[in-house]
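Structure record follows, encoded as structure tokens.
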Amino acid sequence: MTATDLTAPVPPTRTPVPVPEFSVWPATATEEPGGRVLLAGVPLADIADAHGTPVYVLDEAEIRDRCRTYRAAFPADGADVHYAAKAFLCRGLVRLVDEEGLGLDVCSAGELELAVTAGFPPERILLHGNAKSPADLAAALRLGVGRIVIDSPAEIARLAAALGPRGHQKVMLRVTPGVGAGGHAKVRTGTDDQKFGLSLRDGHAQHAVARILDQPRLELTGLHCHLGSQITETKPYLTALRRLVGLMARIRDAHGVVLPELDLGGGHGIAYRPGDPALDPTALARGLRAALAESCAAAGLPVPRLLVEPGRAVVGPAGVAVYRVLAVKTTGGRAFVAVDGGMSDNPRPALYGVRYAPRLIGRRSTAPAVRTTVAGRHCEAGDLLAEDVDLPADVRPGDLLAVPVAGAYHLSMASSYNLVGRPPVVAVRDGAARLLVRRETLEDLRARDVGL
Ligand code: LLP
């Protein structure tokens with residue numbers, strides 16, 4: 001990670017106080033009496049000045065803390081926690097996740113190469129994907145990835161052939177347990193009517209198991225399922241677990257094979273706005289352990305090693321997006337505050353109708369609150385970051401607005417729409433800031449456009 005001019009500790013000007021409405025912010029968030037908001041002791045306004053806006057700020061302590069909560073909830077003697085890299089990945093984060101003892105879940109050669117070249121042990125990586133390309137599989141075999149999660153029958157023969165006569169690869173099979181869960185239809189993946197996995201109900205999963213077991217170069221270590229994303233209750237996980245243990249028992253009966261691992265995927269929900277429900281990893285772990293012990297005892301199976309793959313719940317709440325206000329107007333009876341980012345750095349409101357709680361962070365305002373729509377800068381009416389939020393009536397161009405809970409699925413899904421470069425990522429810790437990913441410049445964008 002590159003040190004920047006912001007590495008020197010920044011002493012707070014006055015003693016900041018924790019503020020209750022920071023409930024969805026990282027635990028280090030504080031506000032000075034003048035209204036400036038600090039993260040890990042670093043004023044967000046200073047980061048905006050040093051790096052420009054929009055800028056994404058990641059609170060390192062919050063990420064580490066969340067990793068540790070997962071490690072404590074799913075201890076290493078019976079479980080593994082794999083961080084789902086699709087939520088957000090950069091080399092700094094790879095190092096952090098490694099230091100905290102988590103594994104990684106990747107779903108492309110790109111995520112895999114980035115992780116391994118940043119020093120992540122390949123044996124602690126799982127490769128997913130409903131349509132893995134030849135390049136994905138080649139990278140997985142070349143780099144020695146720990147597990148490949150098979151998602152379709154064609155992959156079995158392809159993988160066995162790619163391994164060659166002396167090759168060996170641990171694999172899992174992705175099964176759809178027929179459980180619908182998740183915050184939006186587009187991210188529900190546990191039912192039979194969508195593109196991921198093979199159905200437990202219609203026999204396709206059992207058939208694929210038989211084919212994998214027929215391949216001497218493939219070692220089937222277990223079953224996998226991922227029900228969906230932004231799930232806030234334990235119950236769907238318990239239902240899926242029981243169904244998968246049922247399948248494990250049928251596999252034992254049909255083939256005499258006892259699978260040693262069970263991966264229940266990720267999807268653990270977080271609060272985006274104060275008062276939103278969230279899934280507690282510790283309660284989830286407790287519920288899963290009890291259900292696993294009970295269903296394995298009933299089926300006469302040994303308890304398998306449990307794997308989970310949280311992405312959002314590890315990095316989401318650790319990220320804050322900081323924008324500069326560019327325009328303010330009231331038109332058609334609606335108050336608009338337009339900022340210098342939008343759907344290019346955060347497509348989630350447009351894609352899933354997700355609601356955020358932005359706030360003014362550079363100064364204190366005593367103006368009354370007005371119902372405001374925070375708009376992005378892109379050329380679409382649907383480019384709105386937050387609709388109907390309360391912001392002070394005197395918000396004006398030049399002000400800074402921050403959107404908390406911005407650490408997951410913003411930058412990993414960002415685009416260069418309208419040729420607006422993607423924002424930088426800055427990590428904060430103990431009063432110091434470090435640049436993790438620099439801003440995408442017009443030069444970057446121009447460089448890949450080779451012209452006529
Ligand atoms: N494991 C697998 C196999 C997955 O497909 C995913 C997410 C995860 C784990 C991690 O899920 P998480 O714990 O982060 O919810 N773009 C959407 C989310 C898509 C999730 C895709 N798969 C969003 O912005 O909400």
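The values are calculated or read from the model by the stated rules, or taken from the named source; none is laboratory data. Keep in mind that this is a model prediction, so the values were computed, not measured. Heads up, the Cβs are rebuilt from the backbone with ideal geometry, glycines too, and the neighbour counts pull from every protein chain shown. Quick note on the areas: whole protein, heavy atoms, side chains included, nothing else; ligands and nucleic acids left out. Shrake-Rupley method; radii C 1.70, N 1.55, O 1.52, S 1.80 Å.
Which trypsin sites (Lys or Arg not before Pro) does segment 392-451 hold that lie in a coil by DSSP with at most 16 other beta carbons within 10 Å?
ARG438, ARG439, ARG448
For LYS186, give me every one of the lysines with a C-alpha distance below 22 angstrom, ignoring sequence neighbours fewer than eight places off in its own chain.
LYS86, LYS132, LYS195, LYS235
Taking the Cα centre of segment 74-310 as origin and charging only Cβ (+1 Lys, Arg; -1 Asp, Glu), how large is the dipole, in debye to the nearest 20?
Dipole magnitude for segment 74-310 comes out near 340 debye.
Given Cα pairs under 8 Å that are at least 6 residues apart, what percent is the relative contact order of segment 74-310?
18 percent
Check the straight Cα-Cα distances from LYS170 and name the aspartates and glutamates below 17 Å, setting aside those fewer than 8 residues away within the same chain.
Partners within reach: ASP80, ASP105, GLU123, ASP136, ASP151, GLU155, ASP214, GLU219, GLU261, ASP263.
Could you give the dipole magnitude of segment 168-236 about its Cα centre, charging the beta-carbon of Lys and Arg +1 and that of Asp and Glu -1, in debye to the nearest 20?
For this selection, approximately 160 debye.
Choose one of CYS90, PRO153, THR282: the residue whose Cα lies farthest towards the positive end of the charge dipole of segment 74-310 (beta-carbon charges +1 Lys, Arg; -1 Asp, Glu; about the Cα centre).
In segment 74-310, that residue is PRO153.
Ratio of segment 74-310's C-alpha Rg to 2.2 N^0.38 Å, to two decimals? Please list the in-between numbers first.
Working: Rg = 17.0 Å, N = 237, 2.2 N^0.38 = 17.6 Å.
Ratio of Cα Rg to 2.2 N^0.38 Å: 0.97.
Where both partners of a DSSP beta bridge lie in segment 74-310, what percent of those bridges are antiparallel, to the nearest 5?
In segment 74-310, DSSP labels about 5 percent of beta bridges as antiparallel.
Can you tell which of ALA335, ALA208, ALA109 lies farthest toward the positive end of the dipole of the chain, using +1 and -1 charges on the Cβ of basic and acidic side chains (Lys, Arg; Asp, Glu)?
ALA208
For the chain, report the accessible area per residue in Å² (1.4 Å probe, heavy atoms, rounded to an integer). Don't jump to the answer; show the numbers that get you there.
Numbers: 18660 Å² over 452 residues.
Accessible surface, normalised per residue, equals 41 Å².
At a 1.4 Å probe radius, carbon and sulfur cover how many percent of the accessible area of segment 74-310?
Roughly 53 percent of what the probe reaches on segment 74-310 is carbon or sulfur.
About the Cα centre, and with charges only on the beta carbon of Lys, Arg (+1) and Asp, Glu (-1), how big is the dipole of the chain? Nearest 20 debye, please.
Using only the charged Cβ atoms, the result is roughly 460 debye.
Within segment 95-185, which trypsin sites (Lys or Arg not before Pro) sit in a loop by DSSP and count at most 10 neighbouring Cβ atoms inside 10 Å?
ARG166
At a probe radius of 1.4 Å, what is the per-residue accessible area of ARG217, in Å² to the nearest 10?
Per-residue accessible area (ARG217): approximately 70 Å².
In the chain, which longest range has no GluC sites (Glu not before Pro) that are both DSSP loop (not H, G, I, E or B) and surrounded by at most 15 other Cβ atoms within 10 Å?
1-232
For the chain, what is one quarter of the convex hull surface built on the Cα atoms, given in nm²?
So the mean shadow area of the Cα hull is 23.7 nm².
Averaging sequence separations of C-alpha pairs under 8 Å and six or more residues apart, then dividing by the length of the chain, give the relative contact order as a whole percent.
So the answer I get is 20 percent.
Take every DSSP beta bridge whose two residues both sit in the chain, then give the antiparallel share in percent to the nearest 5.
50 percent
Can you give the local net charge around THR372? Use residues other than it whose beta-carbon is closer than 10 angstrom to its beta-carbon, Lys and Arg +1, Asp and Glu -1.
Counting the neighbours of THR372, the net charge comes to -1.
Kindly state, as a whole number, the per residue volume in cubic angstrom of the convex hull around the alpha carbon atoms of segment 165-263.
Measuring per residue, one finds 98 Å³ for the Cα hull of segment 165-263.
Looking at segment 211-367, send over the antiparallel percent of its DSSP beta bridges, to the nearest 5.
45 percent
Could you point to the residue in HIS255, PRO33, GLY382 farthest towards the positive end of the chain's charge dipole, with +1 and -1 charges on the Cβ of Lys/Arg and Asp/Glu respectively?
Going by the Cα projections, it comes out as HIS255.
With runs of 4+ DSSP H residues as the only contributors, calculate the mean residue ellipticity of the chain at 222 nm using -39,500 (n - 2.57) per run, divided by the residue total and rounded to the nearest 500.
After summing the helix terms and dividing by residue count, I get -8500 deg cm²/dmol.
Give the angle, between 0 and 90 degrees and rounded to the nearest 10, that separates the Cα long axis of helix 204-213 from the longest principal axis of the Cα atoms of the chain.
Relative to the chain, helix 204-213 is tipped by roughly 70 degrees.
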